[in-house]
Amino acid sequence: MSSPNIYLRNLPKKYVRFQQAGIRTHQTTAHHSILRETARNPNQHIGIYYMSMVGSIFYEDQNMGSSPLMDPFYQEPKTTTIVYHTFNVATLTVNSRRWKEFMDNRQQGTVVFRIDIMAVIRFKVSTWGSKHHKMHANCDVAVGQDGSILPAWKNKKCPVYFT
């Protein structure tokens, strides 16, 4: 039995927009990003029930926001499902040092984020189902000044593990 494969995919135009509003020692950032990934079931005779799927975006190990990505669904063997979700994270408060680091990275042309995806799944083999498993996928992704995924980071296979 093979585990599902999760890939970050190329997105149209600008994916990440940042806007600064000054607040003395802290900065607040309005953040909007679009996640497009694919979940691939490589198994020949085993289906996968996705009971839930939640995505989180991190910058420098600080959670910028989390959101449910899809309603529960069943994935047939040997199929690929596109997961397309818009994160509307109203605010992110960071200290002035972190904000400066973020803006310096952006000015240099590369900001690296981590995308974490946690799904509760069950496998279906013929007429029997398995217990629930927590599947995690972690992907680093770098975007340029315009918010586009940089070429070297497109279509990456994300490491998957279970807890």
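Modelled spin-label separation between GLN108 and SER148, with each label point placed 7 Å from Cα along the Cα-to-Cβ direction: 2.2 nm.
Among ILE82, ILE6, the order of accessible area from largest down is ILE82, ILE6, computed with a 1.4 Å probe on protein heavy atoms. The order of ASP104, ASP61 by accessible area, most exposed first and with a 1.4 Å probe, is ASP61, ASP104.
Per atom type, the range 33-163 shows carbon and sulfur on 52% of its accessible surface, probed at 1.4 Å. Rolling a 1.4 Å probe across all protein chains gives ASP71 an accessible area of roughly 130 Å². Rolled with a 1.4 Å probe across the full set of protein chains, the surface gives THR127 an accessible area near 130 Å². Eigenvalues of the alpha-carbon gyration tensor of the range 33-163, scaled by 5 and square-rooted, set the equivalent ellipsoid semi-axes at 33, 15, 11 angstrom, largest first.
The values are calculated or read from the model by the stated rules, or taken from the named source; none is laboratory data. Keep in mind it's a predicted model, so treat the numbers as computed, not measured. No Cβ is skipped: glycine too gets one built from the backbone with ideal geometry, and neighbour counts run over all protein chains shown. To get the accessible areas, we keep the full protein, side chains included, count just its heavy atoms, and leave off ligands, DNA and RNA. Shrake-Rupley method; radii C 1.70, N 1.55, O 1.52, S 1.80 Å.
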